[in-house]
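Reviewing the structure listed below.
The values are calculated or read from the model by the stated rules, or taken from the named source; none is laboratory data. These numbers were taken from a predicted model, which means no experiment stands behind them. Please note: Cβ atoms are built from the backbone with ideal geometry, for glycine as well, and neighbour counts cover all protein chains shown.
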Amino acid sequence: MRKSKKREDLLDAAEALFYKQGFHTIGIKQILNEANVATMTMYNHFDSKEELITEVLKRREEIYFDLLRSNTSEQTDVESYIESLIDFHIDWLVKDGFNGCLFLRAKQEYEGINEEITSLSVEYKQNLIDKISQDLARLNMDDNYSASIQITLILEGATSMFQILDTEATRRETKNVASKLIGK
């Protein structure tokens, strides 16, 4: 199925604006101006701002997991997998992570207001834990689920510290913490 260019323009503009300024501070008019589309075009693709937000989050998750798979799938041992995972995550932050986690921001802004958006945010984090757990199981790591939670905690810490430390310090220290997990 071919994706509409105007729909993708709306998603791109909305994601960039939400990421920089938050969800509640951005109005439809601002998104339309940034995407350079008409109001009717917006409502041909999305019934509401909230539906646009859910599609932004779904697409962001899909992109993240596609890149995660392509950057870690060829690893044959736990140590190289975790190193590749960290490198991928830090590279993702360099490209896009200057402002924290979009999913956590969505959860914070929509908790108690919109259950679908809140649920998508929680599901994304759980999907990350599950994906890492499956990968670690494939690599024969004992207690892979607990390890996947610990690795996710390490990645979340890297996301926070990325806003304070420079890129290479974040990468180095994240790998140092992760190496203790696997006893290196």
### Message
What's the total number of residues in segment 115-126 that are exposed (fewer than 14 other Cβ atoms within 10 Å of the Cβ) and in contact (Cβ under 8 Å) with a residue 40 or more places away in the chain?
### Response
1
### Residue ID - modelled with the highest pLDDT, chosen from residues in segment 19-61 that are assigned to a helix (DSSP H, G or I) and farther than 16 Å from residue 7 by Cα
61
### Task
Output the residues belonging to segment 154-170 that are assigned to a helix (DSSP H, G or I) and within 24 Å of residue 127 (Cβ to Cβ).
154, 155, 156, 157, 158, 159, 160, 161, 170
## Note on the structure
In segment 133-146, anything modelled with pLDDT of 95 or more and in contact with a Leu (Cβ under 9 Å, 6 or more places away or on another chain) is listed as 135, 145
## Note on the structure
Counting only residues that are within 17 Å of the chain's Cα centre (by Cα), within 24 Å of residue 72 (Cα to Cα) and basic (Lys, Arg), segment 97-148 contains a total of 2
### Task
Scan 103, 98 and give me the residue that is in contact with a Phe, Trp or Tyr (Cβ under 9 Å, 6 or more places away or on another chain), surrounded by 15 or more Cβ atoms within 10 Å (Cβ to Cβ) and more than 25 Å from residue 179 (Cβ to Cβ).
103
### Summary
Across segment 158-184, the tally of residues that are touching a residue at least 60 places away in the same chain (Cβ under 8 Å) and within 15 Å of residue 91 (Cβ to Cβ) stands at 8
### Summary
Checked segment 13-51 for anything over 15 Å from residue 110 (Cα atoms), under 19 Å from the mean Cα position of the chain (by Cα) and either surrounded by 17 or more Cβ atoms within 10 Å (Cβ to Cβ) or small (Gly, Ala, Ser) (or both); matches are 13, 14, 15, 16, 17
### Query
Pick from 45, 24, 89: which is touching a residue at least 40 places away in the same chain (Cβ under 8 Å) and under 28 Å from residue 180 (Cα atoms)?
89
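For (1) modelled with pLDDT under 95; (2) among the aromatic types (Phe, Trp, Tyr); (3) closer than 23 Å to residue 11 by Cβ, each residue gets a yes or a no:
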{"position": "81", "(1), (2), (3)": "no, yes, no"}
{"position": "107", "(1), (2), (3)": "no, no, yes"}
{"position": "119", "(1), (2), (3)": "no, no, yes"}
{"position": "163", "(1), (2), (3)": "yes, no, no"}
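Restricting segment 146-179 to residues that are closer than 17 Å to residue 104 by Cα and small (Gly, Ala, Ser), which is surrounded by the most Cβ atoms within 10 Å (Cβ to Cβ)?
Taking the candidates together, the pick is 158.
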